[in-house]
Structure formats: structure tokens, C-alpha cells
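Comments concern the structure below.
All of the numbers you see were taken from the coordinates with simple rules; none came from a lab. Not measured: the values here are computed from a predicted model. No Cβ is skipped: glycine too gets one built from the backbone with ideal geometry, and neighbour counts run over all protein chains shown.
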Amino acid sequence: MINSKILVVSIFFGLNLLINTNSIAQTKPSLSSYEKYIDENNNAHLKEFMELISIPSISSIPSHKTDIDKAAAWIVNKLKAIGMTTAQTLPSDGNPYVYGSWDKAPGKPTVLIYAHYDVQPVKESEWNNPPFAPIIKDGKIFGRGASDDKSGVMITIWAIEAMLHTDGKLPVNVKFIFDGEEEKGSPSFKSFLDKNKELLKADFALNADGTQYNETTPEILMSLRGAAILEFNIKTANIDAHSGQFGGKTPNAAVIMSQIISSFYTKEGNVAVDGFYDKVVPTTAAEKEMIKKVPYNKYDDMKLLGTTAEVGDTSYSPLERIWYRPTLEIVGMQSGYTAAEGHANIIPSNAMARITCRLVNNQSGKEIIDLIVKHINKNLPIGATATYKFSNGYATPIKFPANTKAYNYVSEALFKIYGKQPLQIATGGSVGPLIDIKEILKIYPYSLGFEQPDEKWHASNEFFRLSSIRKGQLIYCYYLQHLADEESKLKK
């Protein structure tokens, strides 16, 4: 059954990818040979992709630790199979990291490639097909992690495979570091990187957990927001109370939680926590110009999500709000009787809420969480107490310069394959390890990934476009060759 689908996919690959093959052959003969290898091995690669997606490597659920280890071992075996000099798992304070290297180009630059092999939890009832039994349909592969970020892991490995098989060598040295904890904030990454900074030392870095604007328009990520999370519990009694016997005189934890959450916001939708915006640097003129160049239609996102309104402070444009303004979001709540059936006449004694803050420029995660805790304690009424569950770490915001040769190499590779200049974009999301790479290894990890915004990351029915698999490999092959050529010119 799968073979027949893959045959259809192979035909699809022959027709897709807006790329001038003749131009490639004329300017880079080696690229056409990589293309040939990629096409000939497409079916085998899809089978491998399905194998990796089928491993439920959910990092935030401890019972899936064996699956994390299984996924890491699978990737190590694949790295060995393609001829990497080194391929192994490395221990950390949490889940293992997968490390691979090819170091047989003395005197040439070294490129470090980051991606992550862990995935988000799933609600299986919301999926059209089991999330860890991937299927191919309509030019897409469906499964948890297919886009975020097992696509980043495999596209980069396959590109190296194509070059090693075709040329017997790489034009530069390459190191892989694959993270097993990104989906829970990469709490071990900074200490791991600090302990292994000599091993991971490189001249350039790429983040394969990245995006493209759409199938025909490339983009380069110029900034990410940081993140800080908090869980807190409101307690008003030792047990839930009978609403008839005690209603009217007993504090209700669900009501108090609702009042506290309401106090977080102004009527305009801004955060009302004192000091929340104190360290926010205004959006620059260059960033506002960057926003103007990005085509944006609010109805596209509304259609994607099934929403009927766009909210937020209209003093800022929608993209400015999600790229350069901080947020405080309630991501989970629980209180009282919430079973699917039945009705309990109670006054809840406990209520729980979980918060995620997206942070910008020089905001500190710890400072923001401290301000929120202070706000909650200030707004607690008589008869209620609050307890807190804090995160092990925070994701720091990061911005990338556009005036570096590292940026140019990525931009030129995208232009070569897409045939148009990439958009400069920002994102409201976070990839915590990127700031650690910048701070510890002293290199900017520019994003070069091929996820697209509608591919339902973190949601049910996540998918990845098969056309991006081929396109991504070609771009990585061209990038590595182009970087080697340009760096050689600089040495002359």
C-alpha cells in the first residue's frame, strides 16, 4: 500500500519544484548530480522518514524516555550509514544529544547544523490518522514531528548523504547536533554546550528548525521572541464544598482564578502587570520597513485557525505585535468538575492555570515571572492562597544581523534555488538553543529550514510537504558548496 503511494509521490517530484534545472547544470554541474542522487533515492528516504516519525519521541512526558532513546539511536545509525566520521549520542542533564561530524576537509571552514528530534504531545482523538503511523496523501506526509522538526533532521542528513555519495567528500567540515529536549525548552542545552564547546566549535551555524514563507517564497529569520512559563494554583479549602450548603459564604477557587486572570489584562488587550513593558525597546524604523515588505492578510490566519476576529492593541500592526511585542497567554486552566458527563454542584477548592510569556529584546524571563507572581499575590483575596511551579529555565530573545557573510551565504543559496530574494521576517516563537549557540560558540545560527506556517506544528494532523524535502536538500548542497567557494576566494 505504501509503495503505490510512494510511486505517486515520485511522479509528483518529477513535476514539482520551481527550479531552473538547466541553469543549475550550467553554473554548478555538481548540483545536477546531487539532484539525480536525491531523485533516485527518494523512495528509500521516504521510508526512512516514516520510520523516524513513527517513534513517539515526546520529550515532555517521562514515560516516553525509551522512545527518546530509540529515536536518538536511530539517527546515530543513519549518520554512521552515510559515512560520517563520528556518530554518537552524548549525555546531558536530561535527554541525550545526537552528535555527528565529518572532519576530512583540513583548512576548510566548519559548519554546525542544529535541529531537534523530540516532538510535542498529542491528543490522538483529534487526529484523522494515528499521529505515529505516518501516511502520505496529496503530496504531504502526515504525522507528529513530520514538520517540526524531524524534517530538519532528515533533510540535512540526506543532503550530506547526497554529497558524500556523489563526490566521496564534502567541500567543508560539518557537525550535527540534534536536540532531544527542544519541545520542553531545551533546559539542558546551555550546560551541555558549555561542557562541549570545543567539540562543537565551528565557523558557521545553521538552525534547521526553521521556516519558509510558502512554497515559492523564501525567507530568513531575523529575530525570535523568548519564552517564560509559570504554573500556579489557587487554594480556598481542603475539599470541594456542597454549593447549596456552603454557597454564598465560602470562597470559590474557580471564581478567584477567573478574577486574577482578568486582572492580567487591560480592555485594549495589553498586559496590566506592573513593570511588564518597562524594558521593551520600541520597534526600529528598519524593522517597521521590514514588516511592510511582508505580505500579510489577517483573513489567511483566521481561515487557518477557524477564528472570527483579530484582537490586540491596534496601536501596533499585527506583525509588530507578534514579532516585537511581549505577551502573557493563559495556555491551560483547570478547576472543579470537568468530566465529559455529569454535573457536580460544588464550590471548587482548587484552581490551576498555566502561563506562557513571549518576551522581546532585553526582557528577562526571571524578572517577568517575578513580576507576575507579585501581581498574583497582590490580587489574592482573603481566604485564598497561591502556590507556584517554576520552570527550570527561560528562552532568551535573539536578533540576527543582515550585514554578515554568514547571512549572505544563506540568502544566496535561497535565491539560487527559489529564484527570488528571501523575505526578512521575525517570529513570535522561540528556539532557546539559538541564543546559547551565539553566546557560547560566538556564531549566529541562521535559520535554514523548510517548515511552512500552515503545517499544524504542535496541533493535530501535522504534516510536511514532500516537495520541501527535495528542495531543502538541493539548497543545503548548494549552500555548502557556495560557502566553500566563497571562503576559498577570501583566502587568496
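In table form, for the structure just shown:
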{"read-out": "Simple spin-label estimate for residue 345 and residue 366 in nanometres, 7 Å along Cα-Cβ", "value": "5.1"}
{"read-out": "Whether the stretch 398-460 is rounded, prolate or oblate, judged on the alpha carbon gyration tensor where a/c under 1.5 counts as rounded", "value": "oblate"}
{"read-out": "Sequence of 357, 477 once ranked by neighbouring C-beta atoms within 10 Å, starting from the fewest", "value": "357, 477"}
{"read-out": "Within straight-line cross-link reach of residue 201, aspartates and glutamates at Cα separation under 16 Å, skipping those fewer than 8 residues along the same chain", "value": "103, 436, 439"}
{"read-out": "Nearest-ten-degree value, helix 2-15 long axis tilted from longest Cα axis of the chain", "value": "70"}
{"read-out": "Nitroxide proxy distance, nm - points 7 Å out along Cα→Cβ at residue 285 and residue 259", "value": "4.9"}
{"read-out": "Projected-area mean, the chain, by convex hull of Cα positions, square nanometres", "value": "25.4"}
{"read-out": "For the stretch 226-266, alpha-carbon Rg relative to the globular expectation (2.2 N^0.38 Å, N residues)", "value": "1.52"}
{"read-out": "Likely footprinting exposure, 118, 301, 370, fewest C-beta neighbours within 10 Å first", "value": "370, 301, 118"}
{"read-out": "Neighbourhood charge, 13 Å Cβ-Cβ cut-off, centred on residue 373 and excluding it, Lys, Arg +1 and Asp, Glu -1", "value": "0"}
{"read-out": "Percentage relative contact order, the chain, counting C-alpha pairs under 8 Å, at least six apart", "value": "24"}
{"read-out": "Inter-probe distance in nm under a simple model that places probes 7 Å from Cα toward Cβ, at residue 373 and residue 169", "value": "5.7"}
{"read-out": "Three semi-axes of the equivalent ellipsoid, the stretch 305-441, Cα gyration tensor, whole Å, largest first", "value": "40, 20, 15"}
{"read-out": "Least to most buried among 51, 412 (fewest other Cβ within 10 Å first)", "value": "51, 412"}
{"read-out": "222 nm mean residue ellipticity, helices alone, for the chain (DSSP H n ≥ 4; -39,500 (n - 2.57); rounded to 500)", "value": "-11500 deg cm²/dmol"}
{"read-out": "Tilt relative to the chain, helix 29-40 - C-alpha long axis, 0 to 90 degrees, to 10", "value": "60"}
{"read-out": "FRET efficiency for residue 126 and residue 488, using Cβ-Cβ distance with R0 set to 41 Å, rounded to 0.05", "value": "0.20"}
{"read-out": "Kirkwood-type radius of the stretch 201-243, with distances r between different C-alpha atoms, in Å", "value": "16.5"}
{"read-out": "Total lysine pairs whose alpha carbons fall under 17 Å of each other in the stretch 349-464 (8 or more apart, or interchain)", "value": "8"}
{"read-out": "Cα-based Rg of the stretch 379-492 normalised by 2.2 N^0.38 Å, two decimals", "value": "1.51"}
{"read-out": "Reachable aspartates and glutamates, given that their alpha-carbon falls under 20 Å from the alpha-carbon of residue 489 and they are not under 8 places away in the same chain", "value": "203, 412"}
{"read-out": "Prolate/oblate/rounded call for the stretch 248-350, Cα gyration tensor, a/c under 1.5 rounded", "value": "oblate"}
{"read-out": "Hull shadow area, averaged, the stretch 82-131 [alpha-carbon convex hull, nm²]", "value": "6.1"}
{"read-out": "Along principal axes, Cα extents of the stretch 190-295, largest first, whole Å", "value": "69, 42, 34"}
{"read-out": "Ranked packing of 275-284, 207-216, most packed first, by mean Cβ within 10 Å", "value": "207-216, 275-284"}
{"read-out": "Most to least packed among 137-145, 414-422, 173-181 [average Cβ atoms within 10 Å]", "value": "173-181, 137-145, 414-422"}
